[in-house]
Number of protein chains: 2
Amino acid sequence: MSQESSERTDPPDRREGDLTRTGMALKHDREWDYELDRIVAEVDERGAETVGLQFPEGLKRRGPRVADDLRAELPDGVTVMMSGQPCYGACDLDTDLLRRTDVFVHFGHSPMKESEKIIYVPLFSNVDVFPIMERAATEELAPAEDDPDVGLVTTAQHMNKFDEMRAWLEDRGYTVHVRKGDDRLTHEGQVLGCNYASADVDAEQILYVGGGKFHPLGLAMEHPDTQVVIADPVNNAVSVADTEQFMKQRYAAVHKAMDAEEWGVIFCTKIGQGRWDQAREIVENDDAYLITMDEITPDRLTNFGLDAYVNTGCPRITTDDGPQFKQPMLTPQEYRIAVGEEPLEALEFDTFHGTW
Amino acid sequence: MSQESSERTDPPDRREGDLTRTGMALKHDREWDYELDRIVAEVDERGAETVGLQFPEGLKRRGPRVADDLRAELPDGVTVMMSGQPCYGACDLDTDLLRRTDVFVHFGHSPMKESEKIIYVPLFSNVDVFPIMERAATEELAPAEDDPDVGLVTTAQHMNKFDEMRAWLEDRGYTVHVRKGDDRLTHEGQVLGCNYASADVDAEQILYVGGGKFHPLGLAMEHPDTQVVIADPVNNAVSVADTEQFMKQRYAAVHKAMDAEEWGVIFCTKIGQGRWDQAREIVENDDAYLITMDEITPDRLTNFGLDAYVNTGCPRITTDDGPQFKQPMLTPQEYRIAVGEEPLEALEFDTFHGTW
């Protein structure tokens, strides 16, 4: 997950609902339902004078059109504002805009925690998932007669098809294991980049249905003894998650950090990314310094001149962006390994539980 | 002013007080007084359990040493935290860390607005300013017998020498014109990158004493009919501020933006960089969309896909970083010119007044 990617294409002519080349790297056209009626009704009911809109990176380009539609419907005098902060999940609500507005609408992620002032508008993909599930079952899943147990997980944007996916597998003789996970997750079978509690099921193979490798790689790191089969309907690709490169990078970072004399301990101030107790515990050591920030980027750490960093915020910054940082960036457990409090063999993927 | 510069050198062996190669591009060694006794006394008096420290970019490297010294003096159980947010002035207090801490210390800038919870620790340069003032007077100032009137301005870090600078000029026969400016400025003769009200004096030449060209270029743009002589004791250089390149860029940006069909209007959420009324006024037009953010960077705007932007936050992002943005970035007045509400000849440097 690269924060503030600079990828860009010029605004192409696009028809309504077309999200291709918007930075989401999705090949399928989509029609979204932005639930404008619900937003207008809430604004009306609360007599709101200010409305804040927050979109994930890939949907920001739709922001002005959503604002147009809302301004056409809302009374004169209601001010619509969009968040210009980066946004990578429901853990990442723009709390400044939230404070400034009477109604705050967060698009594209399922709720991490409900609040009266926040409207969460989920956005579901309309891509057909079954052709790629067919290929995944044929090519990579163990046949039901050999191993009927399979876990099933997906992301928020495919949750609308989850029951059908499950029935599809059951029709083919599988016993499908699903669970809701912990309170960071809204739906049964849902995974986040930082939380795979829904995959703690009694099966040696798990089918992930969704776009990209970001989620299944985390899943495979969290469950190293499980076969994670990826059915990607967006890129029309089937594969098995391979964590080898990630794990090599983790071991390399831990080894490099063993020489560190001074540590920066990052406490992330994003609403759903703070782990205060973990940060506080490490900072009790004299050679560790607590640093607070929202976006965690190499540029922001450079000037402190410390030898290594521990990131108590989003685990995916550590695992996915880690190599971009000039000093080693470790998870809290990797820190304990680097300073000799835990053995190297204990290394596990860092996950994030609970809300705020 | 480049936000989040990626310049960096490896941590060299450095003796106490040595700030060379710390990113400040200053050639002189310095001894700073961090006023630790005052901070310790305040923590004690308030029974504070948490202390937040905020440093400008060039001083962040000193942060861990200041934290060391404080932790040695403070009672066990007091947690010291450093802000990892970028920091470019007293307009840019880390309000998140401010909320999280009982005592908040802002280093290196003079107060923009006092608050009981905030300790401002000014940091003064010990560089000798008089040799370079001598050169500036000889090479660029009009001789006192030809034009005795001269304005005198400097930055917060040289304020400790201001009275001596003034006396030095008076000794050479000049009539020195100084004023305090508006309530955004703490000291008589002080300038900020966004505010030159202290230079509204009755003189056709102004002597700026301080490092770099950032401040005198703003001063010369704000006062285009005044000769701004730069006496830079840090880089040992004398010159006259030349705004030609900047002004060409401004005109080019305005011309380019005249074709814009959709505008993004940026409201900056930094505590001392918000101009709500100006943002709100522009957004009353249907083709303008309000976007809120703290750091204003090209990456954050890219995904909105608008044609041009109006920055109501820090004017120096517009003038100094403007060319880095892919779409034209205008000041509020430049927007009015681009849409035909004011003539091109009216173009003035954008300055920021008041506090919050």
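Taken together, the values in this text are just the output of simple stated rules run on the coordinates, not laboratory data. None of these values were measured; they are calculated from a predicted model. Please note: Cβ atoms are built from the backbone with ideal geometry, for glycine as well, and neighbour counts cover all protein chains shown.
Put +1 on the Cβ of every Lys and Arg and -1 on every Asp and Glu Cβ in region B:204-322; which of B:M221, B:M293, B:N311 then has its Cα farthest towards the positive end of the dipole? The residue sitting most towards the positive pole is B:M221. Remark: the protein assembly as shown projects, on average over all directions, an area of 32.7 nm² (convex hull of Cα atoms).
For B:K180, a cut-off of 22 angstrom between C-alpha atoms picks up these lysines, skipping any fewer than 8 places away in its own chain: B:K113, B:K161, B:K213. About its Cα centre, the dipole of region B:244-346 is roughly 360 debye, where the only charges are +1 on Lys and Arg Cβ and -1 on Asp and Glu Cβ. Taking each DSSP H run with n ≥ 4 as -39500 (n - 2.57) and averaging over every residue of chain A yields -7000 deg cm²/dmol at 222 nm. Across the identical copies, the label point of A:G340 (7 Å from Cα in the Cβ direction) is separated from its matches by 7.6 nm, in order from shortest.
Cross-link reach is defined here as a Cα-Cα straight distance under 18 Å, omitting same-chain residues fewer than 8 places apart; for B:K60 the lysines meeting it are A:K326, B:K27. Within chain B, the percentage of alpha carbon pairs spaced more than 35 angstrom apart rounds to 29%. Distance between Cα centroids, region B:289-356 to region B:153-198: provide it in whole Å. Value for the Cα centre distance between the two parts: 29 Å.
Taking Cα centre as origin and charging only the Cβ of basic (Lys, Arg, +1) and acidic (Asp, Glu, -1) residues, the dipole magnitude of chain A rounds to 940 debye. Express in whole angstrom the spacing between the alpha-carbon centres of region B:231-285 and region A:48-119. Answer, in whole Å: 27. The percentage of C-alpha pairs in region A:244-346 whose separation is greater than 25 Å is 9%.
By other beta-carbon atoms within 10 Å, ranking B:T138, B:T331 with the fewest at the front produces B:T138, B:T331. Taking the label point 7 Å along Cα→Cβ, B:R99 and its counterparts in the other copies are spaced 0.4 nm apart, in ascending order. Computed across region A:90-224, the Kirkwood radius stands at 16.0 Å (inverse of mean 1/r, all Cα pairs). With its label point put 7 Å out from Cα toward Cβ, A:K256 sits 3.6 nm from the same residue's point in the other copies, in order from shortest.
Of the GluC sites (Glu not before Pro) found in region B:238-277, those in coil by DSSP whose Cβ has at most 15 other Cβ atoms within 10 Å are B:E261. So, counting K/R as plus one and D/E as minus one, what does the shell of residues with Cβ under 10 Å around A:T175 add up to? So the surrounding residues net to -4.
When you filter the GluC sites (Glu not before Pro) in region B:131-170 for DSSP loop state and at most 10 other Cβ atoms inside 10 Å of their Cβ, you are left with B:E145.
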